[in-house]
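Derivation of every value follows stated rules applied to the coordinates shown; laboratory data play no part. Just so it is clear, the structure is predicted and the values come from calculations on it, not from any experiment. Cβ sites come from the backbone with ideal geometry, for glycine too, and all protein chains shown count toward neighbours.
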Amino acid sequence: MATKKEKEKFPNQIPPLKNYGGVRLIQKRLERSGTLEANREAVAYALLSMANTKLSDIMEWDSSGNVMVKASKDIPEHALHAIKKLTSRTDREGNSYIEIELHDKVQVLRLLAKASGLLDGGDNGDKPSVIGINIKAPTVIDVNDEE
């Protein structure tokens, strides 16, 4: 903050806006959007990989119902993007289990549909992200009662 002497010395100087509410948030959003713009192809590839991964890309099963997780070298690169969490555990009887959690496919598809414009609902997407409002004070007219 500027002191009183500084204000008197520089009366027309505009204070920096970086500490005022909302400006930091906007700056952070702009930085993030710049990062996403620079890596647009990589983001699109990762999302499409999650959306197109099938369970058979990661595991296989036979007619008896025996399920086997494929070796990591046999899992396609795109399918690795879809894996959210991989947990290996052993129960009290000594049986080993592998638990694989995938990213939510419906959520990824919804995000892709929104980004591609499929969920716009028929509008042209001309909605502004920031709305500016200009307010003008009314013109004052003197009314004389003497007339």
- Query: What FRET efficiency, computed as 1/(1 + (r/R0)^6) with R0 = 35 Å and r the Cβ-Cβ distance, is obtained for residue 61 and residue 119, rounded to the nearest 0.05?
  - Reply: 0.50
- Query: Roughly what would the spin-label model give for residue 98 and residue 46, points 7 Å off Cα along C-beta, in nm?
  - Reply: 2.3 nm
- Task: Return the FRET efficiency for the residue pair residue 87, residue 54: r is the Cβ-Cβ distance, R0 is 25 Å, and the value is rounded to the nearest 0.05.
- Result: 0.75
